[in-house]
Amino acid sequence: MIYYIPEYVHIYEVNKDYIAIFNALSLDIVYCLRKLIVLENRKMIIDPSIKDIILDNEMVTVREKQAVQKIELNLKKYNLDRNKINFLYIVPTVSCNLHCTYCHIQHGKECRKKYVMTEKTLKNGLEIFKKYSGFEGNESEIMFYGGEPFLEIGFIIKALKIIRSYSETVKITFFTNGTLITEEIANYLREYNVYVIVSIDGSRNVHDVARIYQDGSGSFEDSSRGYKKLQEKGVAVGISLVAGTHNINSLEDEVEYLVERFKPLDIGISTLHLFKDAKNPNEVEMEKLTEKLQAVQKNMRNKGFYIEHLFRRIRPFVEKRIRLYDCPSCNSKLLITPWDTIGFCEAFMEEEKYFYPMEQFDLFKCDGRRDWQRRTPLIMKECYSCPAISICGGGCPYDAYCESGNICNKDKRRCYQSKEMIRWLCIDLFHVLQENHKIKDQNVFIPTEEERKLLYGNIMMDENIPLQRYSKINESLG
């Protein structure tokens, strides 16, 4: 009998003997001997010995019409129109003492760099955050961004006191280049129980190519010194690495170097933003970056080290959790600027697009808010047949805007990356299962939840680490 393969089921060649049959909606996976299945286009003939298993797991249908009909998802259960805001970004200034070659903010409007946030703007922003339940529960977080926030240390000290007057428990995180950290600043940060993410792109030779001062000199030594001061004072510290032309060829070695030398709680590996009207000088081909990220993950899981941006794809696949959004800007985050506006995404703040006056701000009356909320692959019809529909999250709205002029369109680079990551994960899981003696020439094998977690290797998941909590929120909106 001929069976039909639904548009959301995808088949990958694992090796000469096995194939993986993957349901992109349920994230279920079945491995079976390829000799027991005959494939022709979107049709399948199944050996009787495994027919019931394939049918029971809904990998095929008996009717061709069912296989090609458009997916209709019940989105009500995902609560797209949610009232709670989990994350508030505070930008004290967009000025910076560095001039990194790939930074879209430092290559933005010079006139914006004179603004410094006032206490009044901060308090207005905190009241808005409170209005939308920002201080409730354990998931909320306030993040200081820039520019370089520690250029305005006087404001920072006042801001920390004000925030703690609202809540003693809300998580506070700083993104910084680390060069301005002194012993006094480190003591303040410890006192207020904050988490700090320092930008270091690898060893000195690669870091100093892109992360430079205004005069072109490198910042590695100063960033390292600031990082060590934080660590010595007992401040929780992680690292943010931006992958680009300056470090891509040695990315595995750079990550390993950072882990061994600095011993951060975790590392985030960011894909740099596009420039709207020019090519970002550090932009790398997504094919090469994706291949390098896979190599980093294989190395780091053996060492038991968590890489944030990789786990935005890996965790949903392993735990079968739908990822609605790649970025919290779409539904969970607000950002206040030093020029008294509020919006969704730091990449848009200097263009004044999707930003609004703070006075009488109403989240649900914002022009364009609906576009952000509905920017999930689960309702983008062109994504219905994509193998990454459940883990992609739609990529970056700003990069989609740079590519096409519309945030509702695909982010083509991350679209490619997500599809390639799914293919790799299906194959990589099989090899990990083999290495752990779970697959031993069976005709068909369906990994359990615990067996899927073997992809984590020696990595211990810890939601107390801010970046893990930050990205996971978009997997749990149901």
Alpha-carbon centroids, the range 206-261 and the range 143-178: separation in whole Å: 21
With eigenvalues of the C-alpha gyration tensor scaled by 5 and rooted, the range 271-401, Å: 29, 19, 15
Cβ-based net charge around GLU148, under 12 Å, with every Lys or Arg adding one and every Asp or Glu removing one: 0
Relative contact order (percent, whole number), the chain, Cα cutoff 8 Å, 6+ residue spacing: 18
Gain on full stretching of the segment that runs from GLU449 to LYS123 - 0.36 nm per residue minus C-alpha separation: 112.8 nm
Helix 220-232 vs. the chain, principal-axis angle (Cα, 0 to 90°, nearest 10): 90
Pairs from LYS229/LYS263; LYS84/LYS113; LYS288/LYS412; LYS114/LYS158; LYS16/LYS438 whose Cα-Cα separation, in the structure shown, is over 22 Å: LYS84/LYS113
Crossing angle, helix 251-262 versus the chain [Cα axis fit, 0-90 degrees, rounded to tens]: 50
Estimated FRET transfer efficiency (THR182, SER270; beta-carbon r; R0 30 Å; 0.05): 0.70
Label-to-label distance, nm, for residues given as LYS298 and LYS263 (7 Å Cα→Cβ offset): 2.9
10 °C / 1.306 mPa s Stokes-Einstein diffusion coefficient of the chain, Kirkwood radius on C-alpha pairs, µm²/s: 67
Surface accessible to a 1.4 Å probe, per residue, for the residues of the chain, Å²: 42
Electrostatic dipole magnitude of the chain [Cβ: Lys, Arg +1; Asp, Glu -1; Cα centre; debye, to 20]: 840
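What GluC sites (Glu not before Pro) in the range 420-478 are in a loop by DSSP, with at most 16 other Cβ atoms within 10 Å of the Cβ?
On the way: sites: GLU420, GLU435, GLU449, GLU450, GLU451, GLU463, GLU475; in loops: GLU463.
The qualifying sites are GLU463.
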The range 262-326: trypsin sites (Lys or Arg not before Pro) in DSSP loop, at most 10 other beta carbons within 10 Å: LYS279
Calculated FRET efficiency for the pair ASN193/ASP367, C-beta based, R₀ 56 Å, to 0.05: 0.90
Within the range 150-202, GluC sites (Glu not before Pro) in DSSP loop having at most 16 other beta-carbon neighbours inside 10 Å: GLU168
CD proxy at 222 nm, helix term only [per DSSP H run n ≥ 4: -39500 (n - 2.57); per residue of the chain; nearest 500]: -10000 deg cm²/dmol
Nearest 10 degrees, 0 to 90: helix 412-435 Cα axis against the chain principal axis: 60
Distance between modelled label sites at GLN360 and LYS16, nm, 7 Å Cα→Cβ extension: 7.4
Residue-by-residue Karplus 3J(HN,Hα) for the range 356-361, coefficients 6.51, -1.76, 1.60, Hz, glycine and proline x: 9, x, 6, 5, 6, 5
DSSP-defined antiparallel bridges as percent of all bridges, the range 93-239, nearest 5: 15
Estimated FRET transfer efficiency (LYS109, MET286; beta-carbon r; R0 35 Å; 0.05): 0.80
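The values are calculated or read from the model by the stated rules, or taken from the named source; none is laboratory data. What you see is a predicted model; the values in this text were computed from it and never measured. Here Cβ is always computed from backbone atoms with ideal geometry, including for glycine, and neighbour counts include all displayed protein chains. To get the accessible areas, we keep the full protein, side chains included, count just its heavy atoms, and leave off ligands, DNA and RNA. Shrake-Rupley method; radii C 1.70, N 1.55, O 1.52, S 1.80 Å.
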